[in-house]
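Chemist: A single structure is presented below for examination.
Where a number appears in this text, it was derived from the coordinates with a stated rule and is not lab data. Given the structure is predicted, the values throughout are model-derived calculations rather than measurements. Heads up, the Cβs are rebuilt from the backbone with ideal geometry, glycines too, and the neighbour counts pull from every protein chain shown.
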Amino acid sequence: RATILAETRELVGVREEPWYLWPVLIELARSERYADLVALYDRSGSAIGRLAFIEEGNRNYRATGAPLIGQALAKSGRSREAAQLFRAADEAIRVIINHGKVPPRHLAELAASEAIMGRKEVAIRLLEQAVAKGWFAYEGLDYRLKELPWFAGLRGDARFERLVRITEARRNRERRETEALGIL
């Protein structure tokens, strides 16, 4: 916990941007370090700390980050704050989906948010749309669908397992194509 806070000291509460902290948030969620997520939330005066506020500029981050922090707050006994973040995420997701033409990567992120908030059917539907449009891994960090912590509640569902097989096949095909070109 001290290491993570020390590494993010320049960003958290001063000038952090969501994309700088996203890898840290993902790793904390993957390792179920909810107290650390809450510590980052409590310390932050900007991006993470403003997740509950409905602002046009933070809509995408709120749709994906608020459920993650909300889950950590709920597991830390702070259910009132968690509910506030879940409501903010609901509003952001609704606006994004109603806007239309959502890219596959973002559909997968919205599916993760829905899964965190316990809406399995909606999460599966959004994930199916993302995969149908070509999504197969979290861009930038290259996490596989089966590795993402948000979908833990969907494991065992036949539809989710089918999506895991599809994304793994796409990932393997892309790797073979890349190797054939001599890039790797």
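Chemist: Distance in nm between label sites at Val95 and Glu174, each 7 Å beyond Cα in the beta-carbon direction?
Modeler: 2.9
Chemist: Quick one: compute a quarter of the convex hull surface over the Cα atoms of the stretch 76-124 and quote it in nm².
Modeler: Over all viewing directions, the stretch 76-124 projects a mean Cα-hull area of 3.6 nm².
Chemist: Here's something else I'd like to know. Applying the Karplus parametrisation 6.51 cos²θ - 1.76 cosθ + 1.60 with θ = phi - 60° to the phi angles of the stretch 78-86, what ³J(HN,Hα) value in whole Hz is obtained for each residue in order, glycine and proline being reported as x?
Modeler: 10, 5, 5, 5, 4, 4, 5, 5, 4
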